[in-house]
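K.L.:
Could you have a look at this structure, given as structure tokens, before my questions?
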Ligand code: C2O
Ligand code: CU
Ligand code: CU
């Protein structure tokens, strides 16, 4: 997502109001006892694990734990009993070794979202299954020229992703800048959402909300509800923001402060761009500089219209505004000014390269075909589990099959992919391993070089991207990052094969 102009934001804001008016019928009956969050606590961050001498070795144990969430005891999932899991800090060229221990009751695995590493063997291989009680040793080698920025890790076992991520399995990965940027402090801000009942148990989503993509009613920053941040005026903070929500889009604003965007995902602007507002689809990350001004500010997330399910829609307010994610209090003596931000190296503009191939890839939602084809009960509010969902989620008309190769690309070539959304709902499309450069939106060419690994494709629209399939061969996936859509089939396999 790119910074949105005020005019565009106002238009979308209008649509947000319209979707509010549709109301929340169907959700009301669920509102029994809900956990009452404790707000206003000081923001804390997960433990930081840093590479030394080119190596970081970590053990991540995935387990259900009773830990503090939103200031209350809750039974959630965590890596090392932490929500979010530890922050991993790496440098380009480093090796990361993770022993993943599965203490859950379901199969899991690990994905390093956005890292440009091999998808094979025990590297970023999403086809690995780690059964309950088992462990697996991952080994990732970052290239020397790995783009610095904000990445993250989460489980990726097909069918279990939304459940495991929404219960708390995610953590940040930071790849340091080779050319450091002077800041007063850095903050890692992992935004997630979850629904907890009064005793702190996770509330399972309804069938309808799984079709739309589950949204939790608590929106958390590092596991806190509306935590408090403080700073002195004139400081430059670097906010590493991750949208770890399973389906919720975020429209972030920090009024009264000076925000400049360094980049989204692994993409960077040559110079930081002033922004009023930032929209992050699920899976996107932002690298933001905030120069503080005296006063109190509220970090808000507003509504994003991410479409609906056409005539079947009684979903209410998808990705509705939730108000303050955090508060920022700026007071005290003005901090001394810091050195200017160095000019950032821009990635190669792939528009200068003639694509070896052009493909159109269509993301769709069908009725009554998938998951047991239960048309009668599947669409109702009281529908059963996933097997009864009366809607199929497809790529080029097919549900995910790990045994099938949907696209074969030649290593070392550049391709142009037009991502077509044939449905009434937005889909944030993610490709593993290789970042995408957006070249056109709804047929209109874009200016500038925007490289992202999650690209939102609006309802009934299309986005064209170019991808350089450099460095690696092997099989990996592309999919919708609304995790319920991925789990229900909106994922496909791409294989990069060595050039002859
Ligand atoms: Cu963040 Cu394939 O996922
Ligand atoms: Cu990913
Ligand atoms: Cu989707």
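K.L.:
With the Cα gyration tensor of the range 213-307 in hand, give its eigenvalues times 5 under a square root as the equivalent ellipsoid semi-axes, listed largest first in whole angstrom.
P.N.:
22, 17, 11
K.L.:
Assuming R0 = 41 Å, can you tell me the calculated FRET efficiency for the pair residue 182 and residue 36, based on Cβ-Cβ distance, to the nearest 0.05?
P.N.:
Using R0 = 41 Å, I get an efficiency of 0.50.
K.L.:
I'd like the antiparallel share, as a percent to the nearest 5, of DSSP beta bridges with both residues in the chain.
P.N.:
Around 70 percent antiparallel, to the nearest 5.
K.L.:
Give me the Å³ per residue figure for the convex hull around the C-alpha atoms of the range 113-264.
P.N.:
157
K.L.:
When the scattering of the chain is computed by the Debye formula from its Cα atoms alone, each counted once and equally, what is log10 I(q)/I(0) at q = 0.09, 0.13 Å⁻¹?
P.N.:
Log-scaled intensity ratios, in q order: -0.58, -1.35.
K.L.:
Right, something else. Figure the gain on full extension for residue 199 and residue 348 (residue separation times 0.36 nm, minus the Cα-Cα span) and round it to one decimal in nm.
P.N.:
Separation in residues times 0.36 nm, less the Cα-Cα distance, equals 48.5 nm.
K.L.:
Is it possible to state the helix-based mean residue ellipticity at 222 nm for the chain, with each DSSP H run of 4+ residues giving -39500 (n - 2.57), the sum divided by total residues, to the nearest 500 deg cm²/dmol? What is it?
P.N.:
Per the formula, -2000 deg cm²/dmol.
K.L.:
As a footprinting exposure proxy, order 303, 68 by other Cβ within 10 Å, with the fewest listed first.
P.N.:
Ordered from fewest to most neighbouring Cβ atoms within 10 Å, 303, 68 come out as 68, 303.
K.L.:
Within 10 Å of each residue's Cβ, count the other Cβ atoms and sort 179, 197, 163, 406 from fewest upward.
P.N.:
179, 197, 406, 163
K.L.:
Taking other Cβ within 10 Å of each residue's Cβ, how do 33, 461 sort, fewest first?
P.N.:
Result, fewest neighbours first: 33, 461.
K.L.:
In Å, what Kirkwood hydrodynamic radius results for the range 116-205 from the alpha-carbon pair distances?
P.N.:
Over the range 116-205, the inverse of the mean reciprocal pair distance is 16.2 Å.
K.L.:
Quick check: convex hull over the Cα atoms of the range 28-126, volume per residue in Å³, rounded to an integer?
P.N.:
In the range 28-126, the Cα convex hull volume per residue is 160 Å³.
K.L.:
Additional query: Where q = 0.19, 0.29 Å⁻¹, what log10 of I(q)/I(0) comes from the Debye formula for the range 185-245, counting one point per Cα?
P.N.:
Each listed q corresponds, in turn, to -0.79, -1.24.
K.L.:
Report, in cubic angstrom per residue, the convex hull volume of the C-alpha atoms of the range 381-500.
P.N.:
109
K.L.:
What distance in nm lies between label points placed 7 Å from Cα along the C-beta direction at residue 144 and residue 402?
P.N.:
Result for the modelled spin labels: 3.6 nm.
K.L.:
Can you compute the modelled spin-label distance between residue 356 and residue 52, with each label point 7 Å from Cα toward Cβ, in nm?
P.N.:
4.2
Since every read-out is calculated from the coordinates, none of them should be taken as a lab result. Bear in mind the structure is a predicted one, so any value in this text is a computation, not a measurement. Positions of Cβ are generated from backbone atoms using ideal geometry, with glycine treated the same way; all protein chains shown enter the neighbour counts.
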